[in-house]
1. In the range 49-72, which residue that is at negative phi and assigned to a loop (DSSP other than H, G, I, E, B) is modelled with the highest pLDDT?
2. Give just the number: which of (1) within 16 Å of the chain's Cα centre (by Cα); (2) among the aromatic types (Phe, Trp, Tyr); (3) in a strand (DSSP E or B); (4) modelled with pLDDT under 90 does TYR20 not satisfy?
3. I'd like to verify a number: residues in the range 79-100 that are modelled with pLDDT of 95 or more and part of a loop (DSSP other than H, G, I, E, B), how many?
Amino acid sequence: MPVTSSELKIEVAPIRPLNYPAKRTNYCYLEFESPVFLIEGSSATVFVQCPIEIGLFLIHDSHKDSLDWFTCDPANSRFGLYGTPESGTLCKYSKTPIVGSYDDSLDYFNAVIKINLKNELSGGHSITKIVFPMLDTGLYYKDTKAIFDTVTGTLRKKITLELFDVEPEAISTDWEKSPNYERIEVVKRLEMGVD
C-alpha cells in the first residue's frame, strides 16, 4: 500500500530478485530440491518458491521512480552459472522446494511461480532445474503474498538436439502488479540442454 504525504507517495512493493547484492543478470536459475520425472508424452504442473526483493518507489505526479531495493534474505542471495565457465550464463540462483499452491509464498522472502512442464521427447526425463529470463515474467502482490507469471518448460527435439524450451505466460489475477523499473534490454534466447 502506498503511504501518502501532502506532496508524494512512497510505495513498498516486491520486485524481481535481480538487484541485490548488485545488478549482474536478467536470468533466474531455480534448482528443485526434488526432481520432477516426466515419462514420454506426459506433463506436470508444479508450484515452486522463487526469491524476491523489496523495492522502494517514490511516486510523484504520474511518475514512479525507484529509490532503493533490498532483500530480507541476504544469506541466500546468490548467483549461479548455467553452462560452461567460458560461455555460460550468469543467473540469480536459488535451491527451491516444490510447494502446494500460490498460498505457500513466505512473506517478504519469496513468491510462488507456477511451472507447467511438458515432455515431447521419446523417453522419460528428470527435470531438476529451470532457467528463464526474469524481465519477461510479471510479479504480482496482495498484502504480504506475491506470485509470478506462469512459466512453461517443454522438452523437445530440435534437429538432433534435445532441448528444454522455456516460455513465460501471463496470468490473469486481480492482484497488484509490481512496478517495472528495470531498463528494458534485449535478452538473448537461452536454450537449455537436456541433462
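1. ILE52
2. (3)
3. Looking only at that region, the number is 2.
Yes/no per residue for (1) surrounded by 14 or more Cβ atoms within 10 Å (Cβ to Cβ); (2) in contact (Cβ under 8 Å) with a residue 60 or more places away in the chain; (3) in contact with a strand residue (DSSP E or B) (Cβ under 6 Å, 6 or more places away or on another chain):
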{"position": "TYR27", "(1), (2), (3)": "yes, yes, yes"}
{"position": "LEU30", "(1), (2), (3)": "yes, yes, yes"}
{"position": "GLU40", "(1), (2), (3)": "no, yes, no"}
{"position": "PHE47", "(1), (2), (3)": "yes, yes, yes"}
{"position": "ILE52", "(1), (2), (3)": "yes, yes, yes"}
{"position": "ASP68", "(1), (2), (3)": "no, no, yes"}
{"position": "ALA75", "(1), (2), (3)": "no, no, no"}
{"position": "GLY80", "(1), (2), (3)": "yes, no, yes"}
{"position": "SER87", "(1), (2), (3)": "no, no, no"}
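The values are calculated or read from the model by the stated rules, or taken from the named source; none is laboratory data. Remember, predicted model here, so these are calculated numbers, not experimental data. We place every Cβ from the backbone using ideal geometry, glycine too, and count neighbours over all the protein chains shown.
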